[in-house]
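The next block holds one structure in the form of structure tokens; read it before the comments.
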Amino acid sequence: SRLTDPREGDAPRAGADRVRAGTEPRAARARPLGREVRILPTPVDTRIFRPRRKPPRERPLAGWIGSPTAAYCLRAILPALARAAREQPFDLLVVGAGERVEVPGVRVTNRDWSLAREAEDFASLDVGLYPLPDNPWTRGKCGMKALQYLASGVAAVVSPVGVNRRIVRDGETGFLAETEEEWTDRLLRYLRDPGLRAAHGRAGRRHVRAGWSLRVLAPRFVGAMREILR
């Protein structure tokens, strides 16, 4: 099923004295309840998700890593991927879709998700893809896929939805894309320019380490738990 209902967390919030929310849209839903609400972003462990040496390959490797419930997001940009492939050949890694994904003109590797291999899968990519529809549910998401791409030093193209706009600074730590034409253009820019991919990958990792790393956010989480216990 497609998760689109932001109300699913209302019941737990209603019984809480304090609420720690990962994003502003989630915090906004708790404020009318009269609870004490603070934003505590979701962290990524940059010691696990980190750049790794990539093997030599004849074509750039783009990829999407997710779950079966989100596979429809990837399918929404398949026409853009096919258009890009007609101008610049590339391979595609799809992890966790739960069903076989095919793109005309693209060599696609479909793989089940594995916790033991997750960080390696992220770091293996030249370009990460994070398409999302724009709706109340997705605006409240914490952008974990974008964080994992950037922490791994991977250039990413993401939808400009919710916190993604903060994680990915367009043209600096990655690219934002909304229309089919934008997805095609941004992907082609990365496929054709290894130097641009590398520069955005380095900038993206610095950005995530400074604002979303476990090293930075763990003390805030511990502090929040201590406040609640007191």
> Tell me, in nm to one decimal, what length is gained between N135 and R38 on full extension, where the rule is 0.36 nm per residue of separation less the Cα-Cα distance?
Replying inline: 32.7 nm
> Using only the Cα atoms, what convex hull volume per residue in Å³ does the stretch 135-203 have?
Replying inline: 69
> At 222 nm, what helix-only mean residue ellipticity would the chain give, in deg cm²/dmol to the nearest 500, using -39500 (n - 2.57) for each DSSP H run of four or more?
Replying inline: -12000 deg cm²/dmol
> Carbon and sulfur atoms: what percent of the 1.4 Å accessible area of the stretch 154-230 do they account for?
Replying inline: 50
>> Using protein chains only and a probe of 1.4 angstrom, how many square angstrom of M225 are accessible, to the nearest 10?
In response: 70
>> Could you work out how much longer the chain between M225 and R59 gets when fully extended? Use 0.36 nm per residue separation minus the Cα distance between them, nm to one decimal.
In response: 55.0 nm
>> Please compute the modelled spin-label separation between L217 and R52, points set 7 Å along Cα→Cβ, answer in nm with one decimal.
In response: 2.2
> Using a 1.4 angstrom probe with every protein chain in place, what is the largest-first accessible-area order of E227, E178, E120?
Replying inline: E178, E120, E227
> Taking a probe of 1.4 Å, how large is the accessible area per residue of the chain, in Å²?
Replying inline: 51
> Can you pull the Kirkwood radius for the stretch 83-167, inverse mean 1/r over Cα pairs, to one decimal in Å?
Replying inline: 14.1
> In terms of modelled amide H atoms, which long-range or inter-chain residues lie less than 5 Å from the amide H of E36?
Replying inline: V19
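The values are calculated or read from the model by the stated rules, or taken from the named source; none is laboratory data. The model shown is predicted, which means the values in this text are computed figures rather than measured ones. Neighbour counts run over all protein chains shown; Cβ positions are idealised from the backbone, glycine included. The area values use the complete protein model at the heavy-atom level, side chains included, leaving out ligands, DNA and RNA. Shrake-Rupley method; radii C 1.70, N 1.55, O 1.52, S 1.80 Å.
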